[in-house]
Amino acid sequence: MIGEFLDYAINGALIGLLYALVAMGFVVIYRASKVFNFAQGELVVVGGFIVWWLTLGMGLPWYFAIPLAFLLAAIVGYVIERLFFSKLVGESVFSMVMVTIGLLILIRGIVLVVFGAQVRPFPTIFPLKPIIIGDVLIPQSLLYGGILAVIIALALSWFFNQTRTGLKMTASAEDHQVALSMGISVRMSIAAAWVMGSVISTIGAIIFLSGKSLTFLASEIGFIALPVALLAGLESIGGLILAGIIMGVVQGLAEGYLDPIVGGSVGSILPFFIMVFILFVRPTGLFGWKTIERV
Amino acid sequence: MALQPSGVFFENYSHDKALIKTKYQWLSLAIFGIFLLLVPFLFGPRIIAVANIMIIMAVVAVGLQITTGYAGQINLGQAAFMGVGAYTAGLVATQFSLPFWISIPLGGVAAAAFGYIFGLSAVRIKGFYLALTTIAAQFIFHFAILNLPTSWFGGSNGLTLEPASLFGFEFKTDSSFYYLALIICTVMVIGAFGIVRSRYGRAFVAVRDDDVASSMMGINVVATKASAFLVGAFFAGIGGGLWAYYVRFVSVDQFTLFNSVWFVAMIIVGGSGSIVGALIGVFLIRLINELVTSIGPVVSEAFPFIGGDIVFAAMNIILGGVICLFVIYEPKGLMYRWNIMKTSYRIWPFPH
């Protein structure tokens, strides 16, 4: 009984950390450019397909393919920034949101044209054999992914709060015009944000997809990660870890105990109810900046 | 905008306020109206089917235009609101066998209530936070339909409807339904023109342009935002009801986030803040959609290496590309460009 509970809770927490990792892509882009990127899930898919292409398509060993995949993902992020967002510095929120939604659909179309709609096997980067502690089964990819998520969160948190470059990027998220007049290059900041967001998404893709199959539908994780980003508050990177664990445990327990009663998918919709609740009650999330205009 | 064609002078206020100000505008409207009435006689069944879908979507897009274009509230849940309307209309029609002229308005009311709940979140949040709430509306709608008891909304099987009937006449064929849809759509569009020119419509525009300033002028900003959602969702619900009676089959797959994005694309292309713009957007986007659907299979047959998924993929690329290009290069849409051309024609040869 207690073992079952621990199983749901621990696996939930680890999946929550994976969501936190994907949500980190959102937050990094938001924190450095004030663009809320709805196309995050598509970046995960692009990252996944790049890894698939390099490992299974080109036959490169993984220790060589993964760094190369990061480089390619960085280029993708940079190209997106050049093509779309460099022209939108200082534009309204509506324009930014709409461009990211346009981008979501555009990238999905391009992925379909380039890689097709077939289901592809994704390389097994982490060993498939789960770690067993007592009654608890832990998939290795999730365990390493969780550890990786915590490390990346700490590193990014340090970068944005302590280093000069990080603070400059934070300034451009506050207000494009003010940042420009302080001599900060908003374009550079947005470009850096997209490069980082794209690379983080690729890491997320590797952990999420390792040993599973890959189609363009994997982008759903982008929407699943939205509630986590919102619970943490859109500016807080460290808070994502806590928010991810909370959301993951809640979801894991709901899947374990509520789904058999109600007949399915409570676990998958609960985060969205929580999201709506947060939006009504505390739109800044747990750790966000309290600058939301309430007019 | 305020420029009238040369030689048009107003002698009383009612003339000044009129939407249609010259004889030629009346004439072109009349020609357009007659053309619309003749569509079932002029074209084949495929075009009539396309026209029906365009008319239904026009109702929904005009509603979104009021919420997003006039009141400035981003709404990515319009398809969910449409779905609520479709399911409500379908439910009361099948369970209580109500006639369509009650069930479609009921669908509108139900959608308006659903939209109002999510519009209330505008009390506390704005911008993309609002977009998030409307996306959540989309997911919650999907979840609710699939998980409520099958006897209510049919779950994943969907709902099947009898055709709409009036005094024993059944709107079974595409061309008979065309007239029903056209009448309802005309009423809704005239209503939309009325709303945006009324006190409420002006309040919407004021809130869109600056909510702090408009609250200083005595506008209740929260109520205005919520009622913008109410009105927009009502239009979506009416469109959904029409959809239910046209397709006579309602399922959740017809009302996805992807469909909501299509509606947003329509008003971006047509021009935000213009009812006519919404109609033009619906026409153009649906036209592109139909062209891709009909050309796609031919292309993939001619070049087999492209594969059969090309239609869906090409649709995605075109839709996404159109949204990005318009937001970046023509953010005010085609209507705005048209108005500039019209003005510069009227004041020619002066540049400004």
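Each value in this text was obtained by applying a stated rule to the coordinates, not by laboratory testing. Everything numeric here is computed off the predicted structure, so don't read it as measured data. Cβ sites come from the backbone with ideal geometry, for glycine too, and all protein chains shown count toward neighbours.
Things to note:
- The 3J(HN,Hα) values that the Karplus relation (6.51, -1.76, 1.60; θ = phi - 60°) gives for segment A:216-228 are, in residue order, 5, 6, 4, 5, 4, 4, x, 6, 5, 7, 4, x, 5 Hz. Gly and Pro appear as x.
- Value of relative contact order over segment B:43-283, rounded to a whole percent, pairs C-alpha under 8 Å and six or more apart: 43 percent
- Between B:Gly194, B:Ser215, B:Ile328, the Cα set farthest toward the positive side of the dipole of chain B (charges on each charged residue's Cβ, about the Cα centre) is that of B:Ser215.
- Selection from A:Val150, A:Ala117, B:Phe43 lying farthest towards where the dipole of the protein assembly as shown points positive, charges on Cβ: B:Phe43
- Inter-site label distance for B:Phe41 and A:Leu71 at 7 Å from Cα along Cβ, in nm: 7.0 nm
- Here the residues A:Thr215, B:Thr88, ranked from fewest to most Cβ neighbours within 10 Å of their Cβ, fall in the order A:Thr215, B:Thr88.
- Alpha-carbon centroids, segment B:278-298 and segment B:190-227: separation in whole Å: 33 Å
- Note, ³J(HN,Hα) from phi for segment B:3-15, Karplus 6.51, -1.76, 1.60, rounded to Hz, x at Gly and Pro: 6, 9, x, 4, x, 9, 10, 9, 9, 8, 5, 5, 5
- Average partner coverage of B:119-129, which counts Cβ from other chains inside 10 Å: 6
- In this label model, B:Phe10 and B:Met217 are separated by 1.7 nm, measuring between points 7 Å along each Cα→Cβ vector.
- Once the Cβ-Cβ distance of B:Asp210 and B:Val109 is raised to the sixth power relative to R0 = 35 Å, the FRET efficiency obtained is 0.65.
- Segment A:Leu180-A:Ile147, length gained on full extension (0.36 nm per residue, minus Cα span): 8.2 nm
- Each Lys and Arg contributes +1 and each Asp and Glu -1, all at the Cβ; summed about the Cα centre of the protein assembly as shown, the dipole is approximately 1440 debye.
- Distance between segment B:19-50 and segment A:95-109 - C-alpha centres, whole angstrom: 35 Å
- For chain B, a Gaussian network of Cα nodes joined below 10 Å ranks B:Arg202, B:Arg124, B:Arg286 by mean-square fluctuation, and the top entry is B:Arg124.
- Residues of type lysines that A:Lys212 reaches as a straight line, Cα spacing below 28 Å, ignoring anything fewer than 8 places off in the same chain: A:Lys129
- About the centre of its Cα atoms, segment B:43-283 shows a dipole size close to 320 debye [charges on the beta carbon of Lys, Arg (+1) and Asp, Glu (-1) only; nearest 20 debye].
- Mean projected area in nm² (Cα convex hull; one quarter of hull surface) for segment B:43-283: 12.5 nm²
- Gap separating the Cα centres of segment B:70-130 and segment A:175-247, nearest whole Å: 32 Å
- Annotation for B:Val311 and B:Ser165: the two label points, set 7 Å from Cα along the Cα-Cβ direction, are 3.4 nm apart.
- Calculated FRET efficiency for the pair A:Arg164/B:Gln95, C-beta based, R₀ 60 Å, to 0.05: 0.35
- When the Gaussian network model of chain A links Cα atoms closer than 10 Å, the mean-square fluctuations of A:Leu83, A:Leu279, A:Leu258 top out at A:Leu83.
- Total formal charge among the other residues, if their Cβ is under 12 angstrom from that of B:Gly158, Lys/Arg +1 and Asp/Glu -1: 0
- Given R0 = 45 Å, the distance between the Cβ atoms of B:Val187 and A:Ser86 translates into a calculated FRET efficiency of 0.50.
- Each 20 Å bin from zero holds the following percent of Cα-Cα pairs in the protein assembly as shown: 18, 50, 28, 4, 0.
- Chain A: relative contact order in percent, alpha carbon pairs under 8 Å with at least 6 residues between: 36 percent
- Within straight-line cross-link reach of B:Lys225, lysines at Cα separation under 18 Å, skipping those fewer than 8 residues along the same chain: B:Lys126
- Protection proxy ranking, highest mean first, for peptides A:144-157, B:92-105, A:182-195: A:182-195, A:144-157, B:92-105, where packing is the per-residue count of other beta-carbon atoms within 10 Å, averaged.
- Counting only residues at least eight positions apart within a chain, or on another chain, the lysines with an alpha carbon under 23 Å from that of A:Lys87 are A:Lys34, A:Lys168, B:Lys332.
- Comparing A:Ala173, A:Gly47, A:Leu234 along the charge dipole axis of chain A, the residue lying farthest to the positive side is A:Ala173, per the Cβ-charge model.
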